[in-house]
Amino acid sequence: MKTNSKYLGLVTKKFNDFFLVDLKNQENFENSQKFLCKVKKSINFKDQFIYVGDEVTIEKIDFKSKRAVITSLKKRKNFLVRPSVANISNIYVTFSVEEPELNLSQVNRFLISAESMGVEVSLVLTKCDLISDKRRSYLLDKFEKWGYQVITLNLQKSDCFKNLLAELKQKECSIFMGPSGVGKTTLLNMIIPGLQNSTAPVSNKIKRGKNTTRNVELFSMSNQSYIVDTPGFNMQPLEVDIKLLPNLYSEIYKQVIEEGIKCKFRNCLHLTDEGCNLNKSFERYSFYKEMIESSKSHYYQNQED
């Protein structure tokens, strides 16, 4: 059966010139309906590419062969560059407390990159069975001072995922973002029954994990919620305007926005600027300075190019 009707769908997977589009949220369909689609040749999306997470309109639907044609692309709410995913509502920055060892500078970098998306950000710590209760309490206290409530997980016990699973089903589109080897694939295998991605041990030589997920893909959690399966990355690129960077730190945001601390200059970066009144005693200030200097170098390099 074929139809010329138009339907709004969600791109759940991309491979070569084809896109898998899910119409599950359409009231016309009782169950999930996925169609293999190509973009209509005469359509030009102003040099935009279509990515997983994009909302698209499909036409010329063939229900027998499960084929259709993409005819329009809806405006995105946001876009994550690496990995390439559109319309994220929640980011779960995921790190292991051991194997590989927790790198606080890297945790900070991932968190700030996530904050720059303007979505809800949570911190997930895996492999918590490998540390003592004292160490666990220490980390929880540390990250609470950073402004984050932490979800701690033992990947060997599936019952500890119940609360997380219930939370994910209330979110629109969630992504677990973090370096390789932290247990993200194992976590997703437990969250999504039947996924069964392969896992790999952490490299003894470089103390980093190996990528076990190769492609970005969206999986349905409930009628209105999805979760993104993505490759892991050891370094998260930072694409943040240096002027916006200060307010991505909750410690600075609280002082400047909530408490009304005023510096002499409106665009104060809170380094050694004249007239800076920020209390710089918070723990992440050294990481903040590193990121400011890194952003400056990136800015001047682009100016020269």
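Out of the residues in the stretch 258-290 meeting the condition of being assigned to a loop (DSSP other than H, G, I, E, B) and basic (K, R), tell me which one is nearest to K142 (Cα to Cα). Steps first, please.
Let us first name the residues in the stretch 258-290 that are assigned to a loop (DSSP other than H, G, I, E, B), namely 259-284.
Within this subset, residues satisfying the condition of being basic (K, R) are 262, 264, 266, 280, 284.
Numbers: K262: 27, K264: 31, R266: 30, K280: 17, R284: 10 Å.
If we take residues in the stretch 258-290 being assigned to a loop (DSSP other than H, G, I, E, B) and basic (K, R), then R284 is nearest to K142 (Cα to Cα).
Within the stretch 201-211, is even one residue buried (at least 17 other Cβ atoms within 10 Å of the Cβ) and either at pLDDT below 90 or farther than 25 Å from V52 by Cβ (or both)?
Within the stretch 201-211 (the criterion being buried (at least 17 other Cβ atoms within 10 Å of the Cβ) and either at pLDDT below 90 or farther than 25 Å from V52 by Cβ (or both)), the answer is yes, since at least one residue qualifies.
Answer yes if at least one residue in the stretch 224-234 is assigned by TED's automatic domain parsing to the domain that holds K171, farther than 24 Å from L20 by Cβ, assigned to a loop (DSSP other than H, G, I, E, B) and at pLDDT 75 or above, and no otherwise.
no
The values are calculated or read from the model by the stated rules, or taken from the named source; none is laboratory data. Bear in mind that the values here come from a model prediction, so they are computed numbers and not experimental data. With ideal geometry, Cβ positions are generated from the backbone for all residues, glycine too; neighbour counts draw on all protein chains shown.
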